[in-house]
Structure formats: structure tokens, C-alpha cells
1. How do the pairs read when you match residues in the stretch 602-618 that are modelled with pLDDT under 80 and surrounded by 10 or more Cβ atoms within 10 Å (Cβ to Cβ) with residues anywhere that are among the polar types (S, T, N, Q) and assigned to a helix (DSSP H, G or I), using Cβ under 6 Å and keeping only pairs 6 or more apart or on different chains?
2. Of everything in the stretch 539-584 that's assigned to a loop (DSSP other than H, G, I, E, B) and polar (S, T, N, Q), which residue is farthest from Glu374 (Cα to Cα)?
3. Considering only the stretch 142-192, state which residues are acidic (Asp, Glu) and open to solvent by 10 Å² or more (accessible area, probe 1.4 Å).
4. Could you grab the pairs with beta carbons closer than 9 Å, sequence gap of 6+ or different chains, first residue in the stretch 537-554 and more than 15 Å from Leu449 (Cα to Cα) and aromatic (Phe, Trp, Tyr), second one part of a helix (DSSP H, G or I) and modelled with pLDDT under 90?
5. Might you let me know whether the stretch 174-193 holds any residue that is farther than 18 Å from Val151 by Cβ and touching a Lys or Arg at 6+ places or on another chain (Cβ under 7 Å)?
6. Give the number of residues within the stretch 195-226 that are more than 22 Å from Leu48 (Cβ to Cβ), not in a strand (DSSP E or B) and not polar (S, T, N, Q).
7. How many residues are assigned to a loop (DSSP other than H, G, I, E, B) and either at positive phi or within 31 Å of the chain's Cα centre (by Cα) (or both) when one looks only at the stretch 262-280?
8. Which of the residues belonging to the stretch 506-531 are open to solvent by 80 Å² or more (accessible area, probe 1.4 Å) and in contact with a Leu (Cβ under 9 Å, 6 or more places away or on another chain)?
Amino acid sequence: LKAAASPPGFRWPVSPTGAGERGGAARRPALAPWPSMRIFIHNVDTHLGRVLVEELKKGKHRVFGTVLTSADSAPAVVKRISYRNDPKKSKKMIDTIQSCSLVVIDLFNSNLEDLHFAIKALKVDPTSNPPKSMGELEKDVTFLLVSSAMVWAHTKVEHEDGVIRETDYLQRTPKPGSRYEQWKDMENLVLSCFNREESRVKALVVAGGVLYGEGEDALTPLFKDAWCGKQEHVVIGNGKNRIPTVHVRDLARLAKLVGSDAAVDPNETPYFLAVDQPVTEPEGSVSLPPTQAELVQGIVDEICDPYEVPLVQEVAPAGDDEAGAELRSLQEALTLDLVMAPSQRMLDPELMEWCCREGLLKNMRKIAGEFCKERKLRAMRVLIGGPPASGKSTLAQNVSEHFRIPQHDMSGGDFDKNKMVDTLSSRVCRYRGFVLDAGLSGLDEVEQLFRYELEVPPAEGEEKTGEAADEAEENEEGRSRSSAQVTKALNEDIMPSFVIVTQAPQGLCHGRWLQSRGGDEEGFTQAWERYKKNNLSDNHSLAAFFQEMCKTSVFCIPVAGKDEEDMFESTRIYMEREGRPFNYLPTGDEIAQQILARMEDREKRAAESRELEESARGEAGATGQQGELQRQLRRLQIIEQYEKEQEKLRELPLREYLMQYMIPSLTEGLIEVCKVLPENPAEYLANVLEERAAENPSGTET
């Protein structure tokens, strides 16, 4: 690659001093921007590729490309996916490239073989020294190579302000021994193969700072650990190195600016830098990118419970697997130390519409929102209420553990409303959600928590004029607040997405209370009276608030006949009814491993039971206590039979379970209600079902 640096007829672009280093004939006059063109983008399904497609597709352009994974992952607007895994497909891909006016390849997801194929498709042999033309193209083509500021990692410039500019591209120096040495060689190869006298291909390079936004790429581990609440972030070294960054969409927009404008002349500069331009103080001073410490601490402070990120002098070497490659890219990005100026085209307000001009730190909430959206991370805001001893707290704990969201508690009317609002508005709850155990709270408590007073401005027709306005102004100071128009609005930032209410009769709750709290009769009486006052009066309950005032559905769980696992499974199905959130939950393989572990545990218990049977049989034979042995064996058989029946019930799909055990009896009961038309149909239906249960205590239908 280094040998192919200066072919005959190649025109070197202008040097930083303004004088060309090599002579050459002038290029053809610049053309106006294409109103419509065909664009070829390599690997349209990658993080950067998808954004390039979105930005370059705007207008009447048609996009073609390749994929890194599968065609199903490509954006829908891509007209055709090309392959080169056999000669016929390879020839068709060459024809597609030659038919396009703009060819885009990014080095983040490409290798030297990909680059050679694209160059050969444009009728230049990149392996010859110097590169040799293999024919004439039928149309002008712009070849755009997307690279990284990492190619400049060890660049030293002698400007007084210490700022690197795109005109310094001949001095760019990557870190010795890094993969970016090859990236620089690939940049030089593209510039040497094209931009030649009489060539119809114009080659340009756009190099971006560390990419962020749209779900992240290099910074993914930082955002992921912060979202999961892991306090494992570190700052490498003293953290004072400055890291040039750019939103991936701003990089794509610069690529569109230079790639679709025929007036861009590579003999002036073929190299363009895409970096943010943070606001400077005082105005007019050098715009400095954030330091490593500011960047890492900013992500932590926005997404998770703030803590001081520690400094480390060394980090463990990254592995060779996919996770290791991701970690290595992050470490390379965090140790970059450059101050770079964005391309002049990015600074032209008539040309560039910025997405995040002021950088990552100033737009942290926006970028965190993009990360959650692209990674399918949903804030699961859950509220659970119900009578005392109905399993609310246990259910809340299970939901918290499964969905990895923090758990908080309300204590009826004694809770501090402002403190609870602050808690539910915290950064962790904003991005991950929460599960709130509402205790015995009713309508008044939840209304205080989730609604706030809002002053309504007077309608346009109600504004006073003339003497009336003067009089109103004179009396404004003495006017009481009660005369203002005030309404109550929902606090949408903390409103629960899921409301779950447990249901249980007083007798069942009483028994569970006594069993768990050692016979505290007085405590149960007080708790039940409080719950009754808050929730059992007409239209004055927690459920009524969400159904009537908030128009939010409420999921009611009958507690009778259900254990903890049944209640949680019903809740999980309800919460995932519109799709399972990603939220870094266990994968299908991990869930399968958990099921296998439970099966192994059951088998182990069964083996222990058999050993106990054999031991009991031997002891009984030795002592002659055959009757005791028979009773013990019978007891074990009953236990084993019961466990088998329970296991069979747990393995049944919910629909099959209902059809087998519930629907027949319920249908017969409803038929009886229709025939008799009792005064209290609910009580009558309950009696019918109770009789059916007494006739068939096993619960199975015959």
C-alpha cells in the first residue's frame, strides 16, 4: 500500500501552506449537485451504515449496498442487496457499483479485500505499482471513504493554538502498532488510485471523532454498565486527555455534503474532519473537546446513581472474542488525546444542520434516550396494591428481581409525597423504571403522588381591556390564589405503565396475616380497616383512580389458589403482552439453562427420596416395625404423587390449564345463572362453583 503513493498523472492536493506539492493538469469544471443519483453503501446494516442510508437517501436518491449479517437486517429503503460470493453475483455487484454516482465505504466495518473489490469495480488495479487504469467509466463517480480520528492519534502539529485541522492531513500519524496504521495506508491507497488526471473518479475521505448516538458503538460498554447500575466504570490514567467526538448523524450529514456536491474539488482538499464544536468560554477561544474523566463521569451521572469514577493506571488486556474487541475499541477511544477543528463545511450554517453541535456532554439526556430506544430498553414503571397479607410485597420483590428495576414502598397516608416524587423522578427510575409497593394506599394517596396543580391561563376572549384591565392590575396584589383558575394534571414522567391489584377475601388475608406475623390480631384489624376505608367504598379506590382519572388499565390478580410463582407468572405475562423488553434480561439460552438446573434439582430430590425409602425399608425390616415402614412409604408416595400433579399443572400452557380446569365449571355456573336469574348473580355463581369443587375435590374434569 505504501508503495502505491504517487502514480503518474496523480495531482497532490494543496498542502497546509497553500502550495501544491506536485503539478498536474486542471480538472474538469465542477458540476452542480445531482438532483437525483444512485448511491452504493457498503454494509448498510451496521450502526454507521443505517445512519448513512437514512441521511443519503433523503431526496429522490436510490440506495444499493451490501450487508455484514443478513438482508433481513438491512433498512427497507435499500433497493437491492449485492453479494460477491460467486462469480455471477460478483459481476452483478460490479455493474451496480459502476451504475452509481456515489460509492461509500466505511473502514469501521470493511477490510482491505472489500476495498480492493470496490476499486477494481471502478476500473483501477490497486495491486499494481503504481495503480493502473483498467478501462474507462461511462460516468463521473465520487468514491467516499469514511474513516476515524484514530488515524491521527499520534499527530503533532506546530500551530500556536494546538488545534489539528483537515488541511494537516498529510501529517496524520496513527499510534504505532495499532490497526489504524493499515487504515491510513488504505486512505492513501484510495487517494492514489483516483483523483488522477483524466480520471472520472473523485476520491474523498471523511474522518470522524469517537462516534456516539443512535444506540452507540464504541461507547456501548459505558452506557450499558450505567443502565444496568454496575459501578464498574474507570478512567484510564489521569483522565485529562481530550477526546474528539461526533454524533454519528453529524458524520453522515458531512458525508452527504461532500459526497453529493460535484463542486467539491479534491485538489483543494480531499480530507474532511467531522467533530463536535462545544461552546467555548470566553467566546472566540479554542473549542475544546471533553476530557476522558468528564465524558465517563457525565454518562454515569446521567443514567445511574452518581458515584465518583475511580482513576486506574492500567486496565486488563482485552480478549480475542467479540466482547474483547468491543472493550479494546473502548480503551482506544478513551485514551485518544487530540484537539481537532471541524470541517469548514460543518461550520457553514447554510450547508450543515447539526444534530449535536455542542457535543455529547451538552446533549447527554438526548443521547441516553437514543441509546434506550435503539437498544429496546424500556422503563418498566409498575405499581402494585391490594389488601394486607395478599402477597403484594413478595410480588413486588419478584418483579424487581426479574426486570432488574428498583423497588420502592409507600406507607399509606403517612408517606412523604415530595420525597417519593423525587425518588421516582431519579435518573435510575427515569431510564429503568421502578416497582412501587403501594401498600394499603387508596385514591387520595395515589392522586397526591401522581397529580399536581397547574394554573390555567385565561382564554384569549377572557382578557380584560381598558378600565377593567387597569382595575385588575391595581387589585392584582391583593387577589388571593383561590381566584386563579387551577386544574390538576398527571405527572407523566412518573406515571406507572402497569398497575396491578391483588384481590383476596378478608378471611384468606386474616389467615395469611396470622401465619406470617405470629397471631397479631390487632395489627390485622387495623390494617384491614385502613384498606377498607381507602379502597372498598364506591368509586374511591386505588383502581378507580387509574381506571377513571388516568384511563389506565388495571390488572387484578385473585390470590386464592395461587402461590408466589403463579402470581408472578401472571404478572410477567401481563407486562410482556406487547412484547418482551430487551433490558439485558436473560436470553433464551440462559432461561433454558435455568430450567435444566431446576430439573436436575428435582431429580436430585427424587433420588434422595428413594434413598430414604430404601433406608426406611431396611430399618423397618431390621427392627420388625413393618407397619411403620408401610405408613412411611405410603406418606412418601402421597408426597411424590402430589409433586407430580403440581409439576404437571405448572407445565400446562395457560390456555390449556383454563380449558381443562376452569372453563367447564365456569360455563355450567353461568348457564345456571342465566336459568335462575338470581338477585345476586355473583354470590349465586360462587355457590355453584363451591358445590362443583366439593363434588370434585381433585379439580380435574371428567
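The values are calculated or read from the model by the stated rules, or taken from the named source; none is laboratory data. It should be emphasised that the depicted structure is a prediction, and the values quoted were computed from it without experimental measurement. Reconstructed Cβ throughout: ideal geometry from the backbone, glycine too, with neighbour counts over all protein chains shown. Just the protein is used for accessible areas: all its heavy atoms, side chains included, with ligands, DNA and RNA removed. Shrake-Rupley method; radii C 1.70, N 1.55, O 1.52, S 1.80 Å.
1. Every condition considered, the pairs that remain are Ala616/Gln632.
2. Restricting to residues being assigned to a loop (DSSP other than H, G, I, E, B) and polar (S, T, N, Q), the top hit is Asn539.
3. Residues satisfying the conditions are Glu158, Glu160, Asp161, Glu166, Glu181, Asp185.
4. Nothing qualifies.
5. Checking the stretch 174-193: not a single residue is farther than 18 Å from Val151 by Cβ and touching a Lys or Arg at 6+ places or on another chain (Cβ under 7 Å).
6. 5
7. 5
8. Across the stretch 506-531, the qualifying residues are Glu521, Arg530.
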